[in-house]
Amino acid sequence: MSMLVPPLALSAACTACGLCLLTCPERALLPAPGRPSLDARRCTGCLACIEVCPRDAIVELER
Ligand code: SF4
Ligand code: SF4
């Protein structure tokens, strides 16, 4: 059975700059109040958002 636990989390370091939204090839990051929200069903775990985030606000969760 697949796990629906999101593999990523956005921390309070996020400044809502929007770079990760523009970078995600799956459109798994969506605009939301405060900081982007992650649609875990779309995320493939490519980690492009982690590389582009200037605040290191996106972290990988243990699976
Ligand atoms: S790139 Fe980083 S700081 Fe910018 S919106 Fe995404 S998580 Fe927040
Ligand atoms: S890991 Fe890849 S697919 Fe998942 S949110 Fe980040 S950029 Fe999008």
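If Lys and Arg each add +1 and Asp and Glu each add -1, what is the summed charge of the other residues whose beta carbon sits under 15 Å from the beta carbon of Gly18? With Lys, Arg at +1 and Asp, Glu at -1, the neighbours total +3.
Local charge for Cys53 was computed over the other residues whose Cβ lies under 15 Å away, with Lys and Arg +1 and Asp and Glu -1, and equals -1.
Summing +1 for each Lys or Arg and -1 for each Asp or Glu, what net charge is found among the other residues whose Cβ lies under 15 Å from the Cβ of Arg41?
Numbers: positive: Arg27, Arg42; negative: Glu26, Asp39.
Neighbour charge sum, excluding Arg41 itself: 0.
Annotation for Asp39 and Glu26: the two label points, set 7 Å from Cα along the Cα-Cβ direction, are 1.1 nm apart. To one decimal place, what Kirkwood hydrodynamic radius in Å is obtained for the chain from all pairs of distinct Cα atoms? This gives a value of 11.7 Å.
None of the figures in this text is laboratory data; all of them are computed from the coordinates on show. Computed from a predicted model, the values in this text were never measured in an experiment. In this analysis, Cβ positions are derived from the backbone assuming ideal geometry, glycine residues included, and neighbour counts consider all displayed protein chains.
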